[in-house]
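Asks: The structure is given below, and queries will be raised subsequently.
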Amino acid sequence: ESTLGAAAAQSGRYFGTAIASGKLGDSTYTSIAGREFNMVTAENEMKIDATEPQRGQFNFSSADRVYNWAVQNGKRVRGHTLAWHSQQPGWMQSLSGSSLRQAMIDHINGVMAHYKGKIVQWDVVNEAFADGSSGARRDSNLQRSGNDWIEVAFRTARAADPSAKLCYNDYNVENWNWAKTQAMYSMVRDFKQRGVPIDCVGFQAHFNSGSPYDSNFRTTLQNFAALGVDVAVTELDIQGAPASTYANVTKDCLAVERCLGITVWGVRDSDSWRSEQTPLLFNNSGGKKAAYTAVLDAL
Ligand code: XIL
């Protein structure tokens, strides 16, 4: 096959990218994205601050720009993200306790109603575990609203749109030996045992010198899949974009039947949130890098 999306489709998977609404007027950007990818995640436009800037007043203008571009170009959409400690609007940052809990529920209902039946996977909860060796939940206003905030978010999401796969998404959970990975694993195992509605786990896969790729990522994907959830690589970028590491991540997903697909976190290096790391598959001019060919060959 000659594009990433078509190559991934040969095994029933997808190959996606993050799309920024502000770049949809850049024809180099849209021609690469339109050609290569068949899944889209809004880089920022479906986050809480963007979709509910004032409490109870939803604004989907930027989110819909990304959504409509995707669908008009034949792509499916992952929703990102409904409950997160970061990129909260000011009004939510200042809430706590039961009023924050209700605001989270109302937010999930409001956003999921707008996109009901249109989103293949929702990142319902993002980044709820602490970094380092504690294996604890991350301290946040949501966590302080009660340890059950994550399962409440998933139960709310299931009722709001039963057609979407509901994912938990996090970073530094790719290495099986990391405490954060084990903490996430325990939560997913517990949710499956108790019937909390979770369908998938997203591994962001932002690899860099501080949190490098390890070949046990495949073990991690397999172990989560064995709990009865799908898995996905949701925000892939790799410092320096070594072709061999990109190929390995691709092969890891292909080796796991329940790995739904791979999303890279941007199109060209210049589009990356970590552009100084040149972590993506296309250079600043839109040319294919060695990592691109390595991924295409591995698919
Ligand atoms: C990043 C975006 O790429 C940036 O544009 C924004 O300034 C901050 O957020 N984990 C996530 C993503 O789940 O939403 C983050 O995206 C990157 C880390």
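Asks: Got a sec? Which of 273, 265 is within 16 Å of the ligand (Cβ to nearest atom), hydrophobic (A, V, I, L, M, F, W, C) and surrounded by fewer than 22 Cβ atoms within 10 Å (Cβ to Cβ)?
Replies: Matching residue, one of 273, 265: 273.
Asks: Here's something else I'd like to know. Just checking, does region 80-96 include any residue being at pLDDT 95 or above and either touching a Phe, Trp or Tyr at 6+ places or on another chain (Cβ under 6 Å) or among the basic types (Lys, Arg) (or both)?
Replies: Among the residues of region 80-96, not one is at pLDDT 95 or above and either touching a Phe, Trp or Tyr at 6+ places or on another chain (Cβ under 6 Å) or among the basic types (Lys, Arg) (or both), which makes the answer no.
Asks: Quick one: in region 67-94, of everything that is among the aliphatic types (A, V, I, L, M) and more than 13 Å from the ligand (Cβ to nearest atom), which residue is farthest from residue 199 (Cα to Cα)?
Replies: Going through the qualifying residues, I end up with 92.
Asks: Run down 205, 241, 247 and say which single residue is within 18 Å of residue 180 (Cβ to Cβ), in contact (Cβ under 8 Å) with a residue 40 or more places away in the chain and hydrophobic (A, V, I, L, M, F, W, C).
Replies: Unique residue meeting the criteria: 205.
Asks: Taking helices (runs of 4 or more DSSP H) that fall entirely within region 108-220, which contain at least 3 residues that are modelled with pLDDT of 95 or more and under 28 Å from residue 246 (Cβ atoms)?
Replies: Qualifying helices (runs of 4 or more DSSP H): 179-194.
Asks: Then there's this: Can you tell me how many residues in region 232-260 are of a type outside the set (Gly, Ala, Ser), assigned to a strand (DSSP E or B) and within 16 Å of the ligand (Cβ to nearest atom)?
Replies: 6
Asks: Here's something else I'd like to know. Filter region 226-240 down to the residues that are closer than 9 Å to residue 279 by Cβ and surrounded by fewer than 24 Cβ atoms within 10 Å (Cβ to Cβ) and list them by number.
Replies: Result: 239, 240.
Asks: Continuing with this model, one more query. Do any residues in region 72-89 that are aromatic (Phe, Trp, Tyr) have Cβ atoms under 6 Å from those of residues that are within 12 Å of the ligand (Cβ to nearest atom), where the two are at least six apart or on different chains, and which pairs are they?
Replies: 84/126
Asks: Take the residues in region 233-284 that are within 23 Å of residue 20 (Cβ to Cβ) and acidic (Asp, Glu); name whichever of them is nearest to the chain's Cα centre (by Cα).
Replies: 235
Asks: For region 1-27, give me the residue count where each residue is within 14 Å of residue 281 (Cβ to Cβ) and either in contact with a strand residue (DSSP E or B) (Cβ under 6 Å, 6 or more places away or on another chain) or assigned to a helix (DSSP H, G or I) (or both).
Replies: 8
Asks: Assess whether residue 54 counts as being surrounded by fewer than 22 Cβ atoms within 10 Å (Cβ to Cβ), more than 13 Å from the ligand (Cβ to nearest atom), over 30 Å from residue 291 (Cβ atoms) and not basic (Lys, Arg).
Replies: Yes; evaluated as a whole, the condition is true for this residue.
Asks: Please specify each residue of region 1-36 satisfying the condition of being within 16 Å of the ligand (Cβ to nearest atom) and closer than 14 Å to residue 70 by Cβ.
Replies: Once the filter is applied, which keeps residues that are within 16 Å of the ligand (Cβ to nearest atom) and closer than 14 Å to residue 70 by Cβ, region 1-36 yields 16, 17, 18, 19, 20, 21, 23, 24, 29, 33.
Asks: Closer than 24 Å to residue 285 by Cβ, within 16 Å of the chain's Cα centre (by Cα), of a type in the set (Val, Ile, Thr) and part of a strand (DSSP E or B): does that describe residue 66?
Replies: For residue 66, the condition - closer than 24 Å to residue 285 by Cβ, within 16 Å of the chain's Cα centre (by Cα), of a type in the set (Val, Ile, Thr) and part of a strand (DSSP E or B) - is not met.
The values are calculated or read from the model by the stated rules, or taken from the named source; none is laboratory data. On a predicted model such as this, the values are computed, not experimentally measured, just so you know. Note that we place each Cβ from the backbone using ideal geometry, even for glycine, and neighbour counts take in every protein chain shown.
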